[in-house]
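Read-outs: derived from the displayed coordinates by stated rules, not from any lab. Everything numeric in this text was worked out from a predicted model, so none of it was measured. Cβ placement follows ideal geometry from the backbone for every residue including glycine, while neighbour counts extend to all protein chains displayed.
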Amino acid sequence: MVVIRLARGGSKKRPFYSIVVAPKQERRDGRFIERVGFYNPVASGNAESLRVALDRVAHWTGVGAQLSPTVERLVKQAQKAAA
C-alpha cells in the first residue's frame, strides 16, 4: 500500500516537513517515491508555509494511495487557498 504522509526535516526546534508519497512499510523519513509538497509550520513573514502539487496528489489518490490525517487537512487547506 502507498501512503501520502509527512517526512520531517529541519533542525531541532525548527521543523520542516516534506509531503511525500511512500510505501507504508518504509520509515517516516526513509525512502519515498515522490515529493509532492512541503509544510513549514514555523514560517515567518512573507515565507511560504505550505505548497502542495494538487494535481500529483489527485493522481496518486486516483491510483489507490491513502492520505494521512494530517496531510488530508493540509490538502484541504491548500485547496481553499487555491480557490
Review point. How many residues does segment 29-83 contain that are surrounded by 11 or more Cβ atoms within 10 Å (Cβ to Cβ) and not in a helix (DSSP H, G or I)?
Key: 23
Point to revise | Hits in segment 1-10 - residues which are surrounded by 12 or more Cβ atoms within 10 Å (Cβ to Cβ) and under 23 Å from Gln79 (Cα atoms) | key: Val2, Val3, Ile4, Arg5, Leu6, Ala7
Point to revise | Qualifying residues in segment 50-65 (those that are under 12 Å from the mean Cα position of the chain (by Cα) and not hydrophobic (A, V, I, L, M, F, W, C)) - the one farthest from Ser18 (Cα to Cα) | key: Arg56
Check your understanding: What residue, among those in segment 11-22 that are surrounded by 13 or more Cβ atoms within 10 Å (Cβ to Cβ) and without any contact (Cβ under 8 Å) to a residue 40 or more places away in the chain, is farthest from the chain's Cα centre (by Cα)?
Key -> Pro15
Review point. So which residues in segment 30-49 are farther than 18 Å from Ala81 by Cβ and under 12 Å from the mean Cα position of the chain (by Cα), if there are any at all?
Key: Phe32, Glu34, Arg35
Revision key, fill the gap. Only one of (1) out of contact with any strand residue (DSSP E or B) (no Cβ under 9 Å at 6 or more places or on another chain); (2) more than 23 Å from Lys80 (Cβ to Cβ) does not apply to Gly62, and that is (2)
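Could you please let me know if Val36 is without any contact (Cβ under 8 Å) to a residue 24 or more places away in the chain and closer than 16 Å to Val75 by Cβ?
The answer is no for Val36.
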